[in-house]
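Here is the structure we will look at.
The values are calculated or read from the model by the stated rules, or taken from the named source; none is laboratory data. Treat the numbers as computed from the prediction; the structure is a model and nothing was measured. No Cβ is skipped: glycine too gets one built from the backbone with ideal geometry, and neighbour counts run over all protein chains shown. When the accessible area is computed, the model is the full protein with side chains, heavy atoms only, and any ligands, DNA or RNA have been set aside. Shrake-Rupley method; radii C 1.70, N 1.55, O 1.52, S 1.80 Å.
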Amino acid sequence: MSRTSTPTLIFRRILAALPSIVGVIIITFVLTRALPGDPAAYFAGPAASQEAIEQIRETLGLNRSLLAQFFIYIGELFRGDLGMSLTTGQSVLSDLLARLPASLELTLAGLFFSLVLALPLGVLAATRPGSWIDHSVRLIATAGVSLPTFFTGLLLIYLFYFRLGVAPAPLGRLSLLYTNPPAVTGLFLIDSLLAADFGTFWAALSQLMLPAITLGLFALAPLARVTRAAMLGVLSSDFIRTAKASGLSRRTILFGYAFRNALLPIVTTLGVVFSFLLGANVLVEKVFAWPGIGSYAVSALVASDYAAVQGFVLTMALLYVVLNLLIDLLYAVIDPRAGVES
Amino acid sequence: MTLTPSPVPSDPSSADPSPADSLSADLRIDSDQAAQQSAWSQARYVISENGVTFGAFLLFFMFVLFALFGSAIAPYDPLASNAAQSLSPPTAAHWFGTDDLGRDVLSRVIVATRLDLGIATIAVIISFFLGSILGTCAGYFGGIADKLISRLVDTIMAFPLFILAMGLVAALGNTVENIIYATAVINLPLYTRVVRSEVLIRRDAGYIEAARLVGNGPLRIMATHLFPNVLPVMMVHISLNMGWAILNAAGLSFIGLGVRPPTPEWGIMVAEGATYIISGEWWLAIFPGIVLMLAVFCFNLLGDGLRDLIDPRMRT
């Protein structure tokens, strides 16, 4: 048994993520080239002239072999060239970069909301297995995963905007009365705090509330279930019995010993949760007119703007690979054993 | 949903299941009369213990009825518009109200059942079928077959699944068939992984060795000895997965893929009703949404109930 240093470990994890990235790039390439009919015509859009289609065929290298096309595609990716969007008339990359912070802010807020709710619920259920609390947590979790996100969003809009009037109109990140805070991170909540502009912070937060809750409810179920299962497993282990026998307080046992050990499976589940969140993000953005990359992709889909859709799929997949890598690294940080090679 | 991976023994010597494992495996594998009877009494016990599962069964039958005889049950023609009756809130004549063209929302919701459940069912059947073949091969043969299949599955899993489905439908063309294929592809990893790990556990069991010694070929062993034993666990996953497939298909049509208006479909109905919710005409979007939620909820509860019945250890 020898302990590997953390930098080596991090390097190894990054290497392990490479096959996924290659796989993602191959699949996106196949998706763009396996279009039935003429891909050049697809990329040129429905209203393109014959010359425009020919020109696109030339630039995409569609008259060459598939392998040569693949290398052209890789070269374009490295130069950050994802093609031009037909709907906005700008490069897909700049469109996506401009909209990515909005999506990230929404996803992270949703994750935060579901963690804040799911962890206590899971712990509560695990400490009282078989009780009414346990059963209701199970029911809430199952209901949460059964709710179509787009429907939850509409229901919340109806209740909190139309009926109660406490939520702002579901139209984007910031009401028209406010100007965007100076961009540092691109996340309005953080940027407005950095600029010490609390009015804008409050306005951005109130816009973010409903979509974040909608997203969070969907991610609640897997998190609460895994927290409960992990806590149950840890609480029945020998070291907890020893801790109890030693007369440690309930709080120390629960949070000092049990919860820290239960964190490991919870962190592993975050991968699945992010898959849920990124997918549901698209639907929530459409419902709340949120100016992120999800709503961009939806309008591109409707307009048959293929370069934009493929750029979006690639961005989301790469984002997901990076998130999984971060989860892996977090795991290594939390669990010292992960660095031990047998 | 099993979020924690099943134990996958790396070498045959460690494949020996723990006593508790082999006990429940025997219970599962025994298929003689006595066991069947005890399974029935267990089912009765579970249903009487668990009213929720029984309720889910009733809901399930209702949805099956709607899917089979929807157009006969629906009180009105789901496509017939009536300008005089547009945007009417729920009344005795129109329980779920009417939409902007005066069409009866209740009838549209009932008739939509066949399309929504149909898409999900066909998609789940396709991915169950393909996933079982791939997973059995990967688990039984190991080696290169396992590496290739696992790599394929990992690549699919490298995408956020709903987004992969969007990309697939965008590339293959915006039709209902392609919604089905996309849903099947994104569910493939689940089945392949579960079948693979279940086959791995059983690959070196005594009865498989015996079957091999008697001279059965790999194909026969996989099809008649391994797969039937994996099936009960798969039923749980199918049920849980159906709910997810319905959500997925409805989500795709909500963003304008696949099903076209005026075809009644839950996702589209919610999307069409969304514009009216801000002005207070809630029944257009809320009723189809509730029915969609009930359908997904029903399959999830059924899956939970089935899990308690088939393998209580899987419960989380």
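Based on this model, can you work out whether A:V282 counts as buried (at least 24 other Cβ atoms within 10 Å of the Cβ), in the same structural domain as A:P120 (by TED's automatic domain parsing) and of a type outside the set (S, T, Y)?
Numbers: buried (at least 24 other Cβ atoms within 10 Å of the Cβ): yes; in the same structural domain as A:P120 (by TED's automatic domain parsing): yes; of a type outside the set (S, T, Y): yes.
The answer is yes for A:V282.
Is at least one residue of segment A:79-91 in contact (Cβ under 8 Å) with a residue 12 or more places away in the chain, out of contact with any strand residue (DSSP E or B) (no Cβ under 8 Å at 6 or more places or on another chain) and in a helix (DSSP H, G or I)? The answer is no, given that none of the residues of segment A:79-91 is in contact (Cβ under 8 Å) with a residue 12 or more places away in the chain, out of contact with any strand residue (DSSP E or B) (no Cβ under 8 Å at 6 or more places or on another chain) and in a helix (DSSP H, G or I). Annotation: A:R225 fulfils all but one of (1) touching a Leu at 6+ places or on another chain (Cβ under 7 Å); (2) of a type outside the set (V, I, T); (3) crowded, with 16+ Cβ neighbours inside 10 Å; (4) part of a helix (DSSP H, G or I); the unmet one is (1).
Out of everything in segment A:228-245 that is assigned to a helix (DSSP H, G or I) and free of Cβ contacts under 8 Å to residues at least 24 places away in the same chain, what residue ends up being farthest from the chain's Cα centre (by Cα)? That would be A:A245.
Return the residues of segment A:122-135 that are within 12 Å of chain B (Cβ to nearest Cβ) and open to solvent by 40 Å² or more (accessible area, probe 1.4 Å); say none if nothing qualifies. Steps first, please.
Initially, segment A:122-135 is screened for residues within 12 Å of chain B (Cβ to nearest Cβ), giving A:122, A:125-126, A:129-130, A:134-135.
Those that are within 12 Å of chain B (Cβ to nearest Cβ) and open to solvent by 40 Å² or more (accessible area, probe 1.4 Å): A:P129, A:G130, A:H135.
Taken residue by residue, segment A:197-207 has at least one member that is open to solvent by 10 Å² or more (accessible area, probe 1.4 Å) and in contact with a Lys or Arg (Cβ under 6 Å, 6 or more places away or on another chain).
One residue stands out among those in segment A:158-184 that are touching a helix residue (DSSP H, G or I) at 6+ places or on another chain (Cβ under 6 Å) and among the β-branched types (V, I, T): the one that is modelled with the lowest pLDDT, which is A:V184.
Only one of A:F255, A:F218 is part of a helix (DSSP H, G or I) and surrounded by fewer than 13 Cβ atoms within 10 Å (Cβ to Cβ). Can you tell me which?
Only one candidate qualifies: A:F255.
Would you mind stating whether A:L177 is more than 24 Å from A:I293 (Cα to Cα) and open to solvent by 80 Å² or more (accessible area, probe 1.4 Å)? No: the conditions fail for A:L177.
Just one of A:L77, A:L35 is at pLDDT below 70 and among the hydrophobic types (A, V, I, L, M, F, W, C); which is it?
Numbers: A:L77 fails: at pLDDT below 70.
So the residue among A:L77, A:L35 that is at pLDDT below 70 and among the hydrophobic types (A, V, I, L, M, F, W, C) is A:L35.
Quick one: which of B:L164, B:L117 is in contact (Cβ under 8 Å) with a residue 40 or more places away in the chain and either away from every other protein chain (no Cβ under 14 Å) or farther than 30 Å from B:L219 by Cα (or both)?
Values: B:L164 fails: in contact (Cβ under 8 Å) with a residue 40 or more places away in the chain.
On inspection, the qualifying residue turns out to be B:L117.
Mind checking which helices (runs of 4 or more DSSP H) fall wholly inside segment B:84-192 and carry at least 1 residues that are over 17 Å from the mean Cα position of the chain (by Cα), among the acidic types (D, E) and surrounded by fewer than 22 Cβ atoms within 10 Å (Cβ to Cβ)? Spell out the reasoning first.
Working: elements: B:105-141, B:143-157, B:161-172.
By residue number, B:143-157.
Taking the stated definitions as given, is B:A274 under 30 Å from B:D116 (Cβ atoms) and without any contact (Cβ under 8 Å) to a residue 24 or more places away in the chain?
On the way: under 30 Å from B:D116 (Cβ atoms): yes; without any contact (Cβ under 8 Å) to a residue 24 or more places away in the chain: yes.
Considered against the rule, which asks whether it is under 30 Å from B:D116 (Cβ atoms) and without any contact (Cβ under 8 Å) to a residue 24 or more places away in the chain, B:A274 comes out as yes.
Screening A:L119, A:L159 for residues that are within 25 Å of A:F259 (Cβ to Cβ) and either within 14 Å of chain B (Cβ to nearest Cβ) or in a helix (DSSP H, G or I) (or both) leaves exactly one candidate, A:L119. Selection within segment A:291-305: residues that are surrounded by fewer than 24 Cβ atoms within 10 Å (Cβ to Cβ) and touching a residue at least 24 places away in the same chain (Cβ under 8 Å). The member of this set that is farthest from B:A165 (Cα to Cα) is A:P291.
The lone criterion from (1) open to solvent by 40 Å² or more (accessible area, probe 1.4 Å); (2) closer than 30 Å to A:L31 by Cβ; (3) within 9 Å of chain B (Cβ to nearest Cβ) left unmet by A:V322 is number (3). Report yes if A:I266 is surrounded by fewer than 22 Cβ atoms within 10 Å (Cβ to Cβ) and touching a helix residue (DSSP H, G or I) at 6+ places or on another chain (Cβ under 9 Å), otherwise no. When the stated conditions are applied, A:I266 does not pass them. The set of residues in segment A:130-164 being in contact with a Lys or Arg (Cβ under 8 Å, 6 or more places away or on another chain) and not charged (D, E, K, R) consists of A:V137, A:A141, A:F150. Listed by position, the helices (runs of 4 or more DSSP H) enclosed by segment B:206-316 that each have at least 1 residues that are at negative phi, buried (at least 23 other Cβ atoms within 10 Å of the Cβ) and within 10 Å of another protein chain (Cβ to nearest Cβ) are B:227-254, B:266-277, B:283-310. Conditions: (1) buried (at least 18 other Cβ atoms within 10 Å of the Cβ); (2) among the β-branched types (V, I, T); (3) modelled with pLDDT under 90. A:T88 meets all but one. Number of the miss? Evaluating A:T88 over (1) buried (at least 18 other Cβ atoms within 10 Å of the Cβ); (2) among the β-branched types (V, I, T); (3) modelled with pLDDT under 90 leaves (1) as the failure.
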